[in-house]
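Beneath this line is the structure, given in structure tokens, with notes to follow.
The values are calculated or read from the model by the stated rules, or taken from the named source; none is laboratory data. As the structure is a prediction and not an experimental result, all values here were calculated from the model. Every residue, glycine among them, receives a Cβ derived from its backbone with ideal geometry; neighbour counts consider all protein chains shown.
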């Protein structure tokens with residue numbers, strides 16, 4: 001991995017990011033800085049813009065306004081500078097940012113191993129043997145050494161999600177985004193996925209995790225961000241935001257989540 | 001009754017003319033297979049053009065949609081007649097294009113191939129499109145998020161899934177195409193219909209046409225069964241709890 005590019009160690013910074021879907025303003029000016037190796041957990045009620053924020057960072061949903069810097073490079077050319085994908089640093093971003101989705105989105109016509117090797121070969125141009133050995137190694141790391149040849153439909157949700165994590169890691173990302181990756185899982189399968197993410201965090205991966213798992217945020221996050229209505233309401237160390245939130249909206253939300 | 005059987009099912013007559021009719025059916029087969037393959041490819045190209053992203057490629061999408069709509073709306077027979085009567089009259093074309101006689105096949109064969117490919121390419125493009133649109137949006141997003149460009153994602157992720165889902169409807173179109181090759185008899189290609197109908201007008205016996213129809217059935221009936229089998233296999237893949245076909 002590249003060394004830090006400046007003294008502050010900021011790998012990703014968002015300034016005034018706005019995103020609309022038609023009349024619906026989903027993000028209304030988000031500022032966020034993430035340091036190299038930091039784990040940021042994003043909490044908030046549904047519809048607060050958490051997922052859209054992640055999708056803006058890797059340009060699946062390019063923002064309309066604001067600027068995003070990744071490793072000191074602006075990845076948006078700014079509003080009005082052109083239309084279509086050409087005005088975005090797509091390749092630069094996607095070679096550095098991996099994302100794991102709520103619905104796994106594994107390729108159903110490929111085995112677990114092929115899911116992990118495909119982009120290595122097609123995008124990075126790695127030789128087949130190298131891609132396979134890297135893929136097998138990553139699948140072993142997420143506890144699926146015996147599932148290399150299985151198709152996704154034969155895997156449990158937790159196993160599929162771990163394949164999806166391995167698939168993203170195979171591209172050697174500098175930042176990993178997790179978009180409610182345990183929300184579609186049966187309760188007994190949540191832990192195996194969170195454990196993999198916990199390990200990843202301990203190894204120093206920079207992670208932005210949109211989640212409803214308060215326990216995970218408390219244990220693993222360096223910083224917790226609470227979003228509501230398309231803006232960041234409050235952020236800080238987990239102990240502060242989760243135990244002693246300053247903002248009324250945060251208190252309300254945590255009250256509802258922790259009630260049961 | 002005897003007269004009826006003699007008119008349509010005269011076995012001796014069929015045996016006598018079997019070779020002639022079979023020769024015609026061989027032309028039909030070549031026409032169907034070649035046009036079928038070309039239409040499958042052309043349809044896939046059209047469907048892919050239709051799915052190109054971005055504002056800049058809007059004209060390409062628009063033209064593709066216009067093509068598909070127009071050629072699905074024109075009767076194949078008219079197109080065959082337009083091509084066979086029109087292209088030879090285009091003096092500015094070189095003769096090998098105006099009057100193609102490639103691989104020992106007459107120009108009517110090639111005009112037939114062209115007309116059928118144009119029409120069935122449009123039909124098949126719609127079938128592919130249905131397949132492409134049935135692949136969840138998340139597949140494209142996952143592929144793009146891994147750094148694949150649109151073309152790589154289509155080729156490696158979307159199309160393999162889409163094509164698998166539409167093999168049965170594509171085969172259906174191929175059966176229809178096979179039967180529609182008979183229309184090329186209108187421009188004097190010696191395929192099975194023309195051969196058999198010539199025999200009918202010479203002998204006043206229709207059994208040669210019956211024989212031709214039977215030859216069609218020999219090909220189309222197994223295809224129809226295969227389509228059914230593919231459809232039920234595709235459905236069982238998504239039926240939870242049902243035994244997997246492969247396991248039986």
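A quick yes/no check of all residues on (1) within 14 Å of another protein chain (Cβ to nearest Cβ); (2) under 21 Å from residue B:192 (Cα atoms); (3) modelled with pLDDT of 90 or more; (4) touching a strand residue (DSSP E or B) at 6+ places or on another chain (Cβ under 9 Å):
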residue: B:20; (1), (2), (3), (4): no, yes, no, no
residue: B:28; (1), (2), (3), (4): no, yes, yes, no
residue: B:70; (1), (2), (3), (4): no, no, yes, no
residue: B:80; (1), (2), (3), (4): no, yes, yes, no
residue: B:115; (1), (2), (3), (4): no, yes, yes, no
Mind listing whichever residues of region B:150-172 are out of contact with any helix residue (DSSP H, G or I) (no Cβ under 8 Å at 6 or more places or on another chain) and farther than 28 Å from residue B:33 by Cβ? B:151
Of the residues in region A:184-214, those that are more than 21 Å from residue A:167 (Cβ to Cβ), under 18 Å from the mean Cα position of the chain (by Cα) and assigned to a helix (DSSP H, G or I) come to A:214
Within region A:134-153, the count of residues that are more than 20 Å from the chain's Cα centre (by Cα), outside any helix (DSSP H, G or I) and away from chain B (no Cβ under 14 Å) comes to 4
Within region A:91-133, which residues are at the interface with chain B (Cβ under 8 Å from one of its Cβ atoms), closer than 20 Å to residue A:70 by Cα and part of a helix (DSSP H, G or I)? A:91, A:94
So, first residue more than 23 Å from residue A:65 (Cβ to Cβ) in region A:228-252, second residue surrounded by fewer than 15 Cβ atoms within 10 Å (Cβ to Cβ), Cβ within less than 7 Å, six or more apart or across chains; the pairs are A:245/A:251
Can you name the residue in region B:46-62 that is surrounded by 13 or more Cβ atoms within 10 Å (Cβ to Cβ) and free of Cβ contacts under 8 Å to residues at least 40 places away in the same chain and is also farthest from the other protein chains (Cβ to nearest Cβ) among such residues? B:49
Identify the single condition in (1) within 14 Å of another protein chain (Cβ to nearest Cβ); (2) outside any helix (DSSP H, G or I); (3) in contact with a strand residue (DSSP E or B) (Cβ under 8 Å, 6 or more places away or on another chain) that residue A:69 does not satisfy, given that it satisfies every other one. (1)
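Residue B:162 - would you say it is within 7 Å of chain A (Cβ to nearest Cβ) and either over 28 Å from the mean Cα position of the chain (by Cα) or closer than 18 Å to residue B:49 by Cβ (or both)?
Considered against the rule, which asks whether it is within 7 Å of chain A (Cβ to nearest Cβ) and either over 28 Å from the mean Cα position of the chain (by Cα) or closer than 18 Å to residue B:49 by Cβ (or both), residue B:162 comes out as no.
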Within region A:217-238, residues in a helix (DSSP H, G or I) and touching a strand residue (DSSP E or B) at 6+ places or on another chain (Cβ under 9 Å) come out as A:217, A:218, A:220, A:238
Within region A:25-61, tally of residues that are free of Cβ contacts under 8 Å to residues at least 40 places away in the same chain and more than 17 Å from residue A:209 (Cα to Cα): 0
Report yes if some residue within region B:123-133 is within 14 Å of chain A (Cβ to nearest Cβ), at pLDDT below 95 and either in contact with a strand residue (DSSP E or B) (Cβ under 7 Å, 6 or more places away or on another chain) or in a loop (DSSP other than H, G, I, E, B) (or both); otherwise report no. no
Report yes if some residue within region A:103-125 is within 20 Å of residue A:198 (Cβ to Cβ), buried (at least 23 other Cβ atoms within 10 Å of the Cβ) and touching a residue at least 60 places away in the same chain (Cβ under 8 Å); otherwise report no. yes
Being more than 10 Å from chain A (Cβ to nearest Cβ), assigned to a helix (DSSP H, G or I) and either in contact (Cβ under 8 Å) with a residue 12 or more places away in the chain or under 16 Å from residue B:45 (Cα atoms) (or both) narrows B:157, B:195 down to just B:195
Might you check whether a residue that is at pLDDT 90 or above, over 15 Å from residue B:142 (Cα atoms), outside any helix (DSSP H, G or I) and touching a helix residue (DSSP H, G or I) at 6+ places or on another chain (Cβ under 6 Å) occurs anywhere in region A:164-183? yes
Test for residue B:167: is it within 14 Å of another protein chain (Cβ to nearest Cβ), out of contact with any strand residue (DSSP E or B) (no Cβ under 6 Å at 6 or more places or on another chain) and farther than 30 Å from residue A:57 by Cβ: yes
